[in-house]
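To start, the structure under review is shown below, and the notes come after it.
None of the figures in this text is laboratory data; all of them are computed from the coordinates on show. Please read all numbers here as calculations on a predicted model, not as lab measurements. Counting neighbours? That spans all protein chains shown, and the Cβs are built from the backbone with ideal geometry, glycine included.
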Amino acid sequence: MTLNSDVPLDFCPQPTTDGAALRSAERVGTVLRHALDHGLLGTSQPVAAFLDIDGIRASVASLQAAFATVPEVLHTFAAKAASLVPVLRLLAGLGMGCEVASPGELRLARDAGFAPSRIVLDSPAKTREEIAEALALGIALNADNLDELDRIDTLRPADCASVIGLRVNPQVGGGTIGAMSTATATSKFGVALRDAGGRDRVVQAFVRRPWLTRLHAHVGSQGCPLELIAEGIAETYRLAEEINATVGRQQITSLDIGGGLPVNFTDDDVRPTFDDYTRALRAAVPGLFEGRYALVTEFGRSLLAKNGFIAARVEYAKQSGGRRIAVTHAGAQTATRTVLMPGSWPLRVGAFDAEGRPRTGPTEAQDIAGPCCFAGDIVAEGRDLPVLAEGDWVVLYDTGAYYFSTPWAYNSLPRPAVHGYTADGGAVRLAPVRDAQTLDEIAAESGARHTDRLLALTPSGPATTR
């Protein structure tokens, strides 16, 4: 196991009320000016990302408080929402577990210091090698389908310490964003309960496997109302009760209820809250909180989204068809979902001058464009903002989850640096999370080591090369 030795100890300072008292725009402006003063932003670093460490601590505390009455609960963080080792390390120190869905995410979780017993492996396409590794390490695993259970039958060691569950699809319907709805009739995830014979097959799978002790369901995330999510969890709870009654004992001892709390991207307010979520659960399935089942959660976006922002330099300001366009260094490579699905993933934009002060003065409808070489690379269209000029800075709010931690390599644009910060009473402290990607690293990632290998593929050349 390795830890990131470049992260200083003061990366995890204790939260204070002074930082929380700053309004969002003031707090961001303070951090922006500090980054400019210390060379973390500028002409040679025209885009960077920032994570509010005090905010992350507060979000985790609110989650833990909302479930405080549950006798046994493991809150795991969905690694895909921020696949950054120092962030995962911070969350491990706050008592979180980690939900992973690939070999890469598992490696990051282990490097961050999560104990195997606090890691949950979810994926609809686990290989036999991945399953065997998880079972050997004692990592909890949720099978996605009945064929995967057959694989586990042959791979599970006699002394296996892993908690093993089965993901089911309660098929309760979707929300307003289809791609984020995982409990539709044809979702690729889990065993469909309402298909003919589906429920019975699940019950019999548990009857035949006394070691199968967990049920897992995840209804969806952004665009899914709390009532829909709660309905899916209630259906999973009722199935657990049915299975335990059928086998004549409490074989299922825990329920993995997933994550998926939607995020408000329209203003600074956190809504819905984790308390709102648990109230919806209590209304739909009161027995969930009685302690008969241990609970596992898998939140990601809702913990980090509002605790991060992207700052990007305005390189050019131009006019086209009567519309003012600010061309910046943050586009589809960092805000992929927003650019490709602007109706579903709109972002708030802040305007700051070259010194990092909030832009004031007359406003005008402007497009905020990115650097990618396609016409649709627009982060915000017709947004009413103070007039932006070359050298100004735009801030994309609520981007702490997914946006800069899972960048798109379009145009071979370098991944931006990520910094963690505290801003107690206006005094900013920064720590590195991820360095900006260099051109040498881009070249290496793009196969530079094999530059001449294709030239060797002549008719008389070797059949394979390495």
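A dipole drawn for region 318-466 from +1 and -1 charges on Cβ atoms has a positive end, and of Tyr410, Gly447, Gly376 the residue lying farthest that way is Gly447.
Give the distance, in whole Å, between the Cα centre of region 249-312 and the Cα centre of region 404-434. Computed from Cα coordinates, the inter-centre distance equals 26 Å. Shown here: P(r) over Cα pairs in 10 Å bins from 0, in percent, derived from the displayed model; of the candidates [x] 4, 15, 17, 13, 9, 7, 7, 8, 7, 5, 4, 3, 1, 0; [y] 4, 15, 14, 13, 17, 20, 13, 4, 0; [z] 4, 19, 27, 24, 16, 8, 2, 0, it corresponds to [z]. Please label the shape of region 39-135 as rounded, prolate or oblate, based on the square roots a ≥ b ≥ c of the eigenvalues of the alpha-carbon gyration tensor (a/c under 1.5 means rounded; beyond that, a/b larger than b/c means prolate, else oblate). Oblate shape, in that a/c is at least 1.5 and b/c is the bigger or equal ratio. Per-residue ellipticity at 222 nm, computed for the chain from helices alone with -39500 (n - 2.57) per DSSP H run of at least four residues, works out to -8000 deg cm²/dmol.
Taking the DSSP beta bridges with both ends in region 54-303, the antiparallel portion is around 5 percent.
Each Cα pair under 8 Å and six or more residues apart adds its separation to the average, and for region 54-303 the resulting relative contact order is 20 percent.
Footprinting exposure proxy ranking of His419, His38, His218, fewest other C-beta atoms within 10 angstrom first, gives His38, His419, His218. Modelled this way, with points 7 Å down the Cα-to-C-beta line, the labels at Asp195 and Ala25 are 5.2 nm from one another. If the cut-off is 19 Å between C-alpha atoms, which aspartates and glutamates fall inside it for Lys318, apart from same-chain ones fewer than 8 positions away? Straight-distance partners of Lys318: Asp353, Glu364, Asp367, Asp377, Glu381, Asp384, Glu390, Asp392. Where both bridge residues fall in the chain, DSSP classifies roughly 50% of the beta bridges as antiparallel.
Based on C-alpha pairs under 8 angstrom that are at least 6 apart in sequence, the chain has a relative contact order of 18 percent. Straight-line reach from Lys306: taking Cα to Cα under 16 Å and skipping same-chain neighbours fewer than 8 places apart, the aspartates and glutamates in range are Glu26, Asp52, Asp54, Asp267, Asp268, Asp269, Asp398. Relative contact order for region 191-318 using alpha-carbon pairs under 8 Å, separation at least 6, rounded to a whole percent? Reported as a whole number, the value is 26 percent.
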